[in-house]
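Just so it is clear, none of the values below were taken in a lab; they were calculated from the coordinates. Keep in mind it's a predicted model, so treat the numbers as computed, not measured.
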Amino acid sequence: MRKLAYLFLPALLIACGEAEETSEEIQEEVVETVEEEVEEKNERKSPRTTLEVESNGVSLKMVYGSPRVKDRKIWGNLVPFGKVWRAGADETTAITFDQDVLVNGNEVNAGTYAFFIIPNENEDWEVILNEEWSKELHDVWGAYNYKQDKDVLRFKVSPSDNIDVVENLTYQFENGEMTFEWENKRFTFTVAPAQAV
């Protein structure tokens, strides 16, 4: 109903002689207003974020949903301990390497992989690279269809506590080191060209 009002209002104003703008200008404003409303309705709570960077001779791309803390308890509550987690929000987090690499010293072929984390209370966390990362190609979304037999690599990381809360889940890749930060936790691991050994 509101959209109909936007469409009929310009015609009514012009017919009454009260509009100083041309009908084309008013139509443009109506279209822009409707588009803005659609964008607001479809806006993600956890926006899709893409990290594309080259470091230490490796081009890396990471696509993930970046949730906010929003005064919630994250670890052991929103994200349970001891369970495979999508390492972001919504769709499966995906990591792409442009060449064969060493991830924390382990050989991984060039390509795209799902990136999962198993957070644990009072012990090391596990990072997982898995073959199935796409809803369209593999029918996976988040960690709901995760299959352990498709794992390419698992390794442990030691999370540390941040002094300040990191509101937005963030990945960074600098000096050959990938860093994960969210709420009060962070961890790192290395990524290097395979031929570096």
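Quick notes on this structure:
- Cα pair distances exceeding 29 angstrom across the stretch 48-196, given as percent: 10
- Tensor-based shape of the stretch 79-145 (alpha-carbon gyration tensor, a/c under 1.5 rounded, otherwise prolate or oblate): oblate
- Across K83/K156; K156/K185; K135/K156, pairs whose alpha-carbon gap is larger than 18 Å: K135/K156
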